[in-house]
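Each reported figure results from applying straightforward, stated rules to the coordinates on display, with no laboratory input. This one's a predicted model, so the numbers in the text were calculated from it and none came from an experiment. Note: ideal-geometry Cβ built from the backbone for every residue, glycine included; neighbour counts use all protein chains shown.
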Amino acid sequence: MRRSKDWRAMLSTSSNTNWQRRARLKRYALYAFMIFIAIFYSFPIYWIAKSSFQSLEALFSDRSLLFVPNEITINHFETLFFESQFPNFYFNSLVVAFGVVLVTLVVSVLAGYTLTRMDVPGKRTIANVTIISYMYPPLLLVIPMFLLWFSVGLINTHIGLIFAQSALTIPFSIWLMWQFFQTIPIRLEESAWMQGASRFRAFITIALPMAKPGLIAVAIFAFATSWNDFTMANILMQEPSMRTLPVGVLFFTEQFNTDWGLVLSATVLIAVPPFLLVYFLQTYLLRGFRMTT
Amino acid sequence: MKSLSSALSGFVNRFSNDQPDRRSDVIIGSLLLLPVFILLFFVIFIPISWAVYTSFFEQSTITRTKTFIGLGNYAELLFRDAEFWASLGRSLYFALGSTVLQLLLAIPTAIILNKKLKGIVAVRALALLPYLLPTIVVGMTFLWLLHPELGVFSNLAQMSGLSSGPVNFFGNQQLAMPALIVANSWKYTSFMTMIFLARLQSIPDRHYEAAKMCGANTYELFRDVTLPYLRGVILLAFLLRGIWMFNKFDIIWILTRGGPARATRTLPVYIYEISFSDYHMGKALAASTLLFIFLLVSGIAYIRFFKPSEEVAA
């Protein structure tokens, strides 16, 4: 008992001078780095959010780099909602994004389950498509799509854009679900079959619920890809009323003079769904990323 | 016990008559894969093969007149079009700059995010956010931050005396490309950070403890424990991100449209312009095919040389 106390006392006196202080310094340095990272990522977002609540006069005259604006106005948001096509763009983006999520989920679950659970031809083809899909330029897909979609009447339609964007999401999603189903032990399904469950039932009641984290990762990836897509929507949605958010907002900067009020407020509102995703699904997101490596 | 016996009898039953056998597996499996193949066929296979086919024709984007010219488009691009090579060079600048900057930012960030610090979970979520923000948001944000008269950075540069007048980042031929690379990397560093973080979390603590016991300092810990674990992932990320950045079109078009005076006109931007400003669809598709071949060849060479997948034996 006594000896251990001595030992501890000895340790604390000798260390205070040297390694304990260094350890504390190292800790401070780590926190400084962490705060720097936080500022690096949050400053641009904060700054654009702040600016969107300032009047144009304040934006044009205020050079003081105020971190908190003197007065707040929601004028820009009102103009955006009642005098621009913005609500229309938002609707288009949402419809297309949900369509892409649906198509991607169905296809990647079908492929992932079949490829891990059944001995089928075509495994190699799908694996090769996945690898090569990392390399083909999206423009190589979308320029021919422009003419092909045109000839079958899919240009300027939600369905047409949903299929086009699915070409971006599907290869990676198939690969993700393929990896994911491999981590779910097949024994559970086998024991269900043995007890008389059909293959379909074992899939619905056992495999699918266990694949939920993978499904969520695929859904987030598909949503983010669709919400992000500019290249395809820019070429396939020529009609102004069919534009999605990224293309529509770029046109705010084109009308002879950029209307910064519209641009800033629109930018903030486009960022809302990704914010909500990150906030509610942090753990799933990190788990999903872990799957991919 | 009861369930075990029923499982056993079920097993015997299955074995005797209707156990899912290999032949029916192949049929059902193929049926299930059919929609997958049909979709891949229509959205990937047809467009790409049609693109390669059309690259042998002189075809306008608007009118449908088609004249077979064999390798004419390719010959023109490779031997008579200086802008093709110039834009390829700019693509290399943009892709290498972006990938290297992202690596340099992502490795230390991932190491910090892997530490057990107060509030680290919130910072991790924050570091993930830019990857999910659409390019248009990132583009508009940087257009605003780097605006010559109204932007923070131009004002800061003037107030601190670094610059005598407004700094027009995207309007200056020397500054436009670095500014683009920074904006692009702000978004995509997240992705690399998350991949590295996932890898770091798989390093067992005992490796670090053993190294510390042997008297390793912080730098040696990084060099001899962390880096060997990260090597494979870094090599793979460098390849995949490099290719991805090479193909990048959206952020460049949103921020500069290839300007000022071609300073940021990378190959994808040039291809878009051949197709939708000059209306030479055949030539544009030949250029896309060349870009694809170039990436495919360098990708295969890279994989042969570094063998990144062997190192990621997770």
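Before moving on, here are some points about what is shown:
- Å³ per residue enclosed by the Cα convex hull of chain A: 258
- All alpha carbon pair distances within segment A:206-256 were sorted into 10 Å bins beginning at 0; the resulting P(r) in whole percents reads 23, 35, 20, 16, 6, 1.
- Counting neighbouring Cβ atoms within 10 Å and putting the fewest first, the residues B:Asp224, B:Asp250, A:Asp229, A:Asp259 line up as B:Asp224, A:Asp259, B:Asp250, A:Asp229.
- Value of D in µm² per second that Stokes-Einstein yields for segment B:136-179, Kirkwood Rh from Cα pairs, at 20 °C (1.002 mPa s): 205
- Calculated [θ] (222 nm, deg cm²/dmol) that DSSP helices of n ≥ 4 give over the protein assembly as shown, each run adding -39,500 (n - 2.57): -23500 deg cm²/dmol
- GNM remark for chain A: springs join alpha carbons under 10 Å apart, and the peak mean-square fluctuation among A:Ala167, A:Ala23, A:Ala202 falls on A:Ala23.
- Average 1/r across all pairs of distinct alpha carbons in segment B:215-280, invert it, and you get the Kirkwood radius: 14.8 Å.
- Principal semi-axes of the equivalent ellipsoid, √(5λ) from the alpha carbon gyration tensor of segment A:166-210, are 26, 11, 7 Å from largest down.
- Binning all Cα-Cα separations of segment A:12-171 at 5 Å, short to long from zero, yields these whole-percent fractions: 1, 6, 9, 9, 9, 9, 10, 10, 10, 9, 7, 5, 4, 2, 1, 0, 0.
- Entry note: chain B has Rg to Rh equal to 1.10, where both radii use alpha-carbon atoms and Rh is the Kirkwood radius.
- Given charges at Cβ of Lys, Arg, Asp, Glu: the protein assembly as shown dipole, positive-most of B:Met140, B:Ala211, A:Phe40: B:Ala211
- Reduced Cα scattering model of segment B:72-228, Debye log10 I(q)/I(0), q = 0.10, 0.15, 0.16 Å⁻¹: -0.57, -0.96, -1.01
- P(r) of segment A:54-125 over all Cα-Cα pairs, binned every 5 Å from zero, in whole percent: 3, 12, 12, 10, 9, 9, 9, 7, 7, 6, 6, 6, 4, 1
- Stokes-Einstein D for segment B:252-299, Kirkwood Rh over Cα pairs, 25 °C, 0.890 mPa s (µm²/s): 218
- Radius of gyration and maximum dimension Dmax of segment B:102-157, Cα, Å: 14.8, 42
- Normalising by residue count, segment A:132-175 has a Cα convex hull of 66 Å³ per residue.
- Burial ordering of A:Phe33, B:Phe292, fewest other beta-carbon atoms within 10 Å first: A:Phe33, B:Phe292
- Over segment B:170-243, the ratio between the Cα radius of gyration and 2.2 N^0.38 Å evaluates to 1.52.
- As a ratio to 2.2 N^0.38 Å, the alpha-carbon radius of gyration computed for segment B:137-274 takes the value 1.43.
- Once Rg and the Kirkwood radius are both taken over the C-alpha atoms of the protein assembly as shown, their ratio Rg/Rh works out to 1.01.
- Residue order, fewest to most beta carbons within 10 Å, for A:Thr267, B:Thr63, A:Thr205: B:Thr63, A:Thr205, A:Thr267
- Pairwise centroid distance, computed over Cα atoms, of segment A:161-240 with segment A:103-125, Å: 10
- Screening chain B for DSSP H helices whose Cα atoms reach 20 Å or more along their own axis and whose mean Kyte hydropathy is at least 0.5 gives B:22-40, B:82-113, B:176-201, B:227-246, B:281-306.
- Only alpha carbons enter this Debye calculation for segment A:98-248, each as an equal point scatterer, and the log10 of I(q)/I(0) it gives at q = 0.21 Å⁻¹ is -1.25.
- Comparing B:Ile62, B:Asn114, B:Phe79 along the charge dipole axis of segment B:33-153, the residue lying farthest to the positive side is B:Asn114, per the Cβ-charge model.
- Counting lysine pairs in chain B that sit 8 or more residues apart in sequence, or on different chains, and whose Cα atoms lie under 30 Å apart gives 13.
- Ordered from longest to shortest, the equivalent ellipsoid semi-axes for segment B:197-314 are 43, 17, 10 Å, each the square root of 5 times a Cα gyration tensor eigenvalue.
- Across chain A, the mean sequence separation of Cα contacts (distance under 8 Å, 6 or more residues apart), normalised by length, yields a relative contact order of 27 percent.
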